Amino acid sequence: MPFFDSLNQLLFPTRCFGCAALGLSICSNCRYDWHPHYYKTHISQLNVHSAVPYSSTASRIILASKENGLKGADNLIINAITHVLIKADFVNHNIRLVPIPSSPSARRRRGRSFIVDITKSVAQRSGLPLSDSLELTRRVRDQSGLDATARAHNMAGAFALKRGAYPRGDLILIDDVVTTGATLHEAARALRSAGFNPIAAVTACLAQPLR
Ligand SMILES: [Zn+2]
């Protein structure tokens, strides 16, 4: 549909998600901040594999995807996570991707379950199966501004296996950002306590925790 594509460009010209410059969804300057590499950390008894260090560019890209559902920003995150899955090389494992669920209120506000949606595209692109098997069992606070102790307390016992879910195999947790690892730790705990086997996590971004 080239006609509609060019009409779309005229009405809604592409701007950089990092700095709003016209042209590409990410300009060459901001590409410097958002360039998928491969970082491996060990947080809360989990190997965490990530693509880009958190930065103001990264935070704008994540907001554009999470809160505004912009396709171009989704694609940057999908590419980053897929890149890390390939680099991490889980080939000898029987992998299943398990997305971190969002709260019902966030799902209503955004019109979708953000990480579940992103993980569906990652599954399509990587050929790895998805198992959307976790859910929130209670209200949790927004974690920005919370330190490691507060985050751990905020997340403790917040996830459970969905009714009827049976995520066999070696489970890879998928999230947008890892900070202290409190969310990933809780997700791994919920899976392990139900007898399943989370082996690692993959995130688009790696952030420095508040001390
Ligand atoms: Zn830019």
Exercise. Among bridges DSSP assigns within the chain, what percent are antiparallel (round to 5)?
Worked result: 30 percent
Exercise. Taking θ as phi - 60°, what are the ³J(HN,Hα) couplings along the range 194-207 by the Karplus curve (6.51, -1.76, 1.60), each to the nearest whole Hz, with x for Gly and Pro?
Worked result: 9, x, 9, 10, x, 10, 6, 9, 10, 10, 5, 10, 10, 10
Seminar exercise, completed: Footprinting proxy, Val52, Val116: sorted fewest to most Cβ within 10 Å, the residues are Val116, Val52
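Could you tell me which of the pairs Lys87/Lys162; Lys40/Lys71; Lys40/Lys87 are separated by over 18 angstrom between their Cα atoms in the structure shown? Write down the numbers at each step before the final one.
Numbers: Lys87/Lys162 30 Å; Lys40/Lys71 27 Å; Lys40/Lys87 10 Å.
The answer is Lys87/Lys162; Lys40/Lys71.
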Exercise. When ranked by the protection proxy of mean other Cβ atoms within 10 Å per residue, highest first, what sequence do the peptides 58-64, 179-185 form?
Worked result: 179-185, 58-64
Problem set entry | Around Ile62: net Lys/Arg minus Asp/Glu count, Cβ-Cβ under 14 Å | -4
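Neighbouring Cβ atoms within 10 Å as the yardstick, rank Glu186, Glu135, Glu67 fewest first.
Glu67, Glu135, Glu186
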Exercise. Relative to the longest principal Cα axis of the chain, at what angle does helix 56-66 sit, 0 to 90 degrees, rounded to 10?
Worked result: 80 degrees
For this session: Would you work out if the range 33-206 is rounded, prolate or oblate? Take a ≥ b ≥ c from the square roots of the eigenvalues of the alpha-carbon gyration tensor; rounded if a/c is under 1.5, else prolate when a/b is larger than b/c, oblate otherwise.
Result: rounded
For this session: Label the range 164-211 by shape, choosing from rounded, prolate and oblate, from the square roots a ≥ b ≥ c of the eigenvalues of the Cα gyration tensor; if a/c is under 1.5 it is rounded, and otherwise prolate applies when a/b is larger than b/c, oblate when it is not.
Result: prolate
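Values in this text are rule-based calculations from the coordinates and carry no lab data. Note that the structure is a prediction, hence the values are computed from the model and not measured. FYI the Cβ positions are ideal-geometry reconstructions off the backbone, even for glycines, and counts take in every protein chain you see.
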